[in-house]
Amino acid sequence: MRRWKTQTPEGALDVLENECARKRSVEGCIMQTYKASGYFEVQTPTFEFYDVFADEFGDFDQSSMMKFFDRQGRILVLRPDLTTPIARVFATRYADVPLPKRVSYVGSAFRDGGSVAGAVQKEFTQAGIELIGQSSPEADAEVIATTIRALLSCGLEKFQIDIGQAEFFKGIMEQTGLCEETTEHIRQLIDQKSFVAVGELADSYKIKSELKELILELPSLFGGIEVIDKIKTKSLGARAKAALDNIIEIYGILVDYGFEKYISVDLGMVKGLNYYTGVIVKGFTHGVGFPVCGGGRYDNLIGEFGRSIPATGVAIGIERVISALNYQKAEFELPVVHTLVCYDTDRSDAFKIAEGLRSNGLCVEVWTGGGDIEDYANRRGIGGIVRIRGNGVIDIKNLVDGTTTATTVSELLGGEGK
Amino acid sequence: MKYLTIALAKGRLAELSTELFGKIGLDCPVIKEKSRKLIFTDEKNRLKFMLVKATDVPTYVEYGAADIGIVGKDTILEEGKNLYEVLDLKFGACKMCVCGWADKALPTGFIKVASKYPNITRDYFSSKKNQTIEIIKLSGSVELAPLCGLSEVIVDIVESGKTLKENGLAVIEEICDISARLVVNRVSLKMEKERIMGIVDRAREIIKNDNNN
């Protein structure tokens, strides 16, 4: 046999029935929540041209995309995320659609760890929403609130949604007048929350003392909304101040949603600053070492495809939510077969009975032969066996208590079968 | 209360870390004993200490299997994991260097470089020096490589330089300073902010005082 014939590649998984049932139920709850708020599902291709994701932002590292070629030699990639294709749709197929518009999606995304340590599956499932064509804080708050409702709908209990603002850091660095390279260095240190290193670096440049204090504090500016009160009094430029006001406004709206207990602030969230143009969102919970959701405002992305419109959205990592639910030991219903229908000779009666029971909401298997019926039923955890004896006579064996009762086809189908 | 799990790099760093935790008031005396146990629990403070191989500390912390880790900057640079690197603990100080024959300058053309740190080596030679090299990954006694002609130079951490000197080698270029760092999982810092920041703040105070004395 060939060497790799029986294996799956690293980072790709088979999802077997119980896990699959849980995954579908989580996806179902989330998608239902999205739909109930007017976010209807769209589907984009699993693979796209490399050019769709290759951009100035550099949000997707070339080495992290799984690439192949078509017959004309063009580079194709398995989609590394689902938001970028939706941005493409809004600049092209949806160019004339009335705005604002809400869409949702669920599907696999693919990222190759490559040399960068990813510590994640290469194929993973994301479900998310985008609110396109509106730049208001109401829009940002709505996608955050909808995400919270989606997480609650699948049974997640304790989680925390952090909000930050891309413009805050950009504003402060603009005030310092430091060059791009130094700014990037400071950004990295703040992103790593390297409290001391940020200080040492800031010390080596001539920055106004008040600004320097602020930069020093940035890595520790996370926690409740009071974090903002701590620095509101400082001499902030218009850009940084507007960013804080934006967070306060979004927070205020989320209070009206009744969701303030899930919200924290992290002004030191400075990842993907080329991509995000406003609020940045990340969700955390116990038992998962990675964020369970992430997103924010990305007003420049659709412009990359030739149509400048604002947009905001959040994606949920389905596998991570499932890990969190497992950690929290959340109960969920395993799929079960209620009844096994078997027959001696009257096959058409058997099919009729099976359909009749199914239409009453039961999960019914029909015996297809081979081996011992009761053995099979017990191994499969089936609740009962309906045996069609012939001449309309039926035995029902309850496998839970072992009792058998006799009935007839017409009785069992409650008259419908006649 | 949930346990906070702390991963310590086995060896000298673990000893120094235990000392630091002792000063913070989180005593972990069991670690000092010679034992084959891998996890030590402090019931009073709801802490778990794990002894792991240095190169694995960032992995444990990135996945959240450990909330906090103490490990050398060399390992952090080499492993490139997504962590919060909150504190420079100052101990375990040394330098990452390019080393070679004491009487020869670094050749400018294509060279072979032996190292335990292929990523740091690649990054330094390709991004900073624009020099094409072949990296030979070794797991220990890297100084042997130039001595037996396996490579022209090596990239390794240098503490006192004694091993180099005794073998006729010397530091040719310094890449960066190395010391022990306190790293934290990105989710743990948010979900257990009070407790983790409590440890971080106390450690920061102690380091500040130690370095002022």
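The values are calculated or read from the model by the stated rules, or taken from the named source; none is laboratory data. Keep in mind the model is a prediction, meaning the values are calculated, not measured. So basically every Cβ, Gly included, is an ideal-geometry build from the backbone, and we count neighbours across all protein chains shown. These area figures cover heavy atoms from the full protein model, side chains too; ligands, DNA and RNA do not enter into them. Shrake-Rupley method; radii C 1.70, N 1.55, O 1.52, S 1.80 Å.
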(request) Please work out if A:Val321 is hydrophobic (A, V, I, L, M, F, W, C), in the same structural domain as A:Pro100 (by TED's automatic domain parsing), open to solvent by less than 80 Å² (accessible area, probe 1.4 Å) and assigned to a helix (DSSP H, G or I). (result) yes
(request) Return yes when B:Glu62 is at pLDDT below 90 and either part of a helix (DSSP H, G or I) or surrounded by 21 or more Cβ atoms within 10 Å (Cβ to Cβ) (or both) and no when it is not. (result) no
(request) State which residue is farthest from A:Tyr343 (Cα to Cα) when the search covers only region A:392-418 and only residues that are part of a loop (DSSP other than H, G, I, E, B), in contact (Cβ under 8 Å) with a residue 40 or more places away in the chain and of a type outside the set (Gly, Ala, Ser). (result) A:Glu416
(message) open to solvent by 80 Å² or more (accessible area, probe 1.4 Å) and either in contact (Cβ under 8 Å) with a residue 60 or more places away in the chain or in a strand (DSSP E or B) (or both): is that true of A:Lys352 in this structure?
(response) yes
(request) State which residue pairs qualify: first residue more than 12 Å from chain A (Cβ to nearest Cβ) and inside region B:52-64, second residue open to solvent by 10 Å² or more (accessible area, probe 1.4 Å) and among the aromatic types (Phe, Trp, Tyr) in any location, beta carbons under 7 Å apart, and separation of 6 or more residues or different chains. (result) B:Val52/B:Tyr60
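Go over the candidates A:Gln165, A:Gln175 one by one and state the one that is more than 30 Å from A:Arg22 (Cα to Cα), in contact (Cβ under 8 Å) with a residue 60 or more places away in the chain and surrounded by 22 or more Cβ atoms within 10 Å (Cβ to Cβ). Give the derivation first.
Details: A:Gln175 fails: surrounded by 22 or more Cβ atoms within 10 Å (Cβ to Cβ).
The match here is A:Gln165.
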(request) Determine which single condition B:Leu147 fails, assuming it passes every other condition in (1) open to solvent by 40 Å² or more (accessible area, probe 1.4 Å); (2) within 14 Å of chain A (Cβ to nearest Cβ). (result) (2)
(request) Could you tell me which of the residues B:Phe49, B:Phe91 is in contact (Cβ under 8 Å) with a residue 24 or more places away in the chain, surrounded by fewer than 19 Cβ atoms within 10 Å (Cβ to Cβ) and touching a Leu at 6+ places or on another chain (Cβ under 7 Å)? (result) B:Phe91
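Within region A:250-275, which residues are in contact (Cβ under 8 Å) with a residue 60 or more places away in the chain, away from chain B (no Cβ under 14 Å) and open to solvent by 40 Å² or more (accessible area, probe 1.4 Å)? Write out each step before concluding.
Of the residues in region A:250-275, the ones in contact (Cβ under 8 Å) with a residue 60 or more places away in the chain are A:250-251, A:253-254, A:257, A:259, A:262-275.
With away from chain B (no Cβ under 14 Å) added as a condition, the list becomes A:250-251, A:253-254, A:257, A:259, A:273-275.
Hits for region A:250-275 are A:Tyr251, A:Tyr257, A:Asn274.
When you look at B:Val153, is it under 30 Å from A:Cys293 (Cβ atoms) and either crowded, with 19+ Cβ neighbours inside 10 Å or among the charged types (D, E, K, R) (or both), yes or no? Steps first, please.
Values: under 30 Å from A:Cys293 (Cβ atoms): no; either crowded, with 19+ Cβ neighbours inside 10 Å or among the charged types (D, E, K, R) (or both): yes.
Taking the combined requirement at face value, the residue does not satisfy it.
Let's see how each residue does on (1) free of Cβ contacts under 8 Å to residues at least 60 places away in the same chain; (2) among the hydroxyl-bearing types (Ser, Thr, Tyr); (3) touching a helix residue (DSSP H, G or I) at 6+ places or on another chain (Cβ under 9 Å):
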{"position": "A:Arg79", "(1), (2), (3)": "yes, no, yes"}
{"position": "A:Leu82", "(1), (2), (3)": "no, no, no"}
{"position": "A:Arg111", "(1), (2), (3)": "yes, no, yes"}
{"position": "A:Glu123", "(1), (2), (3)": "no, no, no"}
{"position": "A:Ile129", "(1), (2), (3)": "no, no, yes"}
{"position": "A:Ala141", "(1), (2), (3)": "no, no, yes"}
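Can you tell me which residue in region B:170-197 is farthest from the chain's Cα centre (by Cα), limited to those that are within 19 Å of B:Lys95 (Cα to Cα) and among the acidic types (Asp, Glu)? Quick ask: steps written out before the conclusion?
Looking only at region B:170-197, we keep the residues that are within 19 Å of B:Lys95 (Cα to Cα), and these are B:170-182.
Checking which are among the acidic types (Asp, Glu) leaves us with B:173-174, B:177.
Details: B:Glu173: 20, B:Glu174: 17, B:Asp177: 11 Å.
Step by step, filter region B:170-197, then rank; the result is B:Glu173.
Can we say A:Ile280 is within 30 Å of A:Leu152 (Cβ to Cβ) and in the same structural domain as A:Gly296 (by TED's automatic domain parsing)?
yes
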(request) Taking B:Lys162 as the residue in question, decide whether it is exposed (fewer than 15 other Cβ atoms within 10 Å of the Cβ), of a type outside the set (A, V, I, L, M, F, W, C), modelled with pLDDT of 95 or more and not assigned by TED's automatic domain parsing to the domain that holds B:Asn82. (result) no
(request) Might you check whether a residue that is more than 26 Å from A:Lys193 (Cβ to Cβ), away from chain A (no Cβ under 14 Å), open to solvent by less than 70 Å² (accessible area, probe 1.4 Å) and of a type outside the set (Lys, Arg) occurs anywhere in region B:174-189? (result) no
(request) Evaluate the following for B:Glu85: is it within 21 Å of B:Arg12 (Cβ to Cβ), among the acidic types (Asp, Glu) and in a helix (DSSP H, G or I)? (result) no
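Right, B:Ile76: open to solvent by 10 Å² or more (accessible area, probe 1.4 Å), within 14 Å of chain A (Cβ to nearest Cβ) and more than 30 Å from A:Asp266 (Cα to Cα) or not? Spell out how you get there, then give the answer.
Details: open to solvent by 10 Å² or more (accessible area, probe 1.4 Å): yes; within 14 Å of chain A (Cβ to nearest Cβ): yes; more than 30 Å from A:Asp266 (Cα to Cα): no.
Here the answer is no, as B:Ile76 does not meet what is asked.
Sort through A:Ser37, A:Ser63 and tell me the only one that's open to solvent by less than 70 Å² (accessible area, probe 1.4 Å), closer than 20 Å to A:Ala139 by Cα and touching a Ser or Thr at 6+ places or on another chain (Cβ under 9 Å). Before the answer, list the steps.
Values: A:Ser63 fails: closer than 20 Å to A:Ala139 by Cα.
The unique qualifying residue is A:Ser37.
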(message) Among the residues of region A:214-235, what is the count of those that are open to solvent by less than 30 Å² (accessible area, probe 1.4 Å) and more than 14 Å from chain B (Cβ to nearest Cβ)?
(response) 4
(request) Take region A:95-107 and flag every residue that is touching a residue at least 12 places away in the same chain (Cβ under 8 Å) and open to solvent by 30 Å² or more (accessible area, probe 1.4 Å). (result) A:Ala95, A:Leu99, A:Pro100, A:Lys101, A:Arg102, A:Val106
(request) Report whether or not A:Ile382 is within 30 Å of A:Ser136 (Cβ to Cβ), assigned to a loop (DSSP other than H, G, I, E, B) and in contact with a strand residue (DSSP E or B) (Cβ under 7 Å, 6 or more places away or on another chain). (result) no
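Filter region B:108-124 for residues that are in a helix (DSSP H, G or I) and surrounded by fewer than 19 Cβ atoms within 10 Å (Cβ to Cβ) and give the result.
First, pick out the residues of region B:108-124 that are in a helix (DSSP H, G or I): B:118-124.
Scanning region B:108-124 gives B:Pro118, B:Asn119, B:Arg122, B:Asp123.
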(message) Quick check on B:Ala105: is it surrounded by fewer than 18 Cβ atoms within 10 Å (Cβ to Cβ), out of contact with any helix residue (DSSP H, G or I) (no Cβ under 7 Å at 6 or more places or on another chain) and either within 14 Å of chain A (Cβ to nearest Cβ) or at positive phi (or both)?
(response) no
(request) Go through (1) farther than 30 Å from A:Glu157 by Cα; (2) at pLDDT 95 or above; (3) open to solvent by 10 Å² or more (accessible area, probe 1.4 Å) one by one and return the number of the condition A:Leu340 breaks. (result) (3)
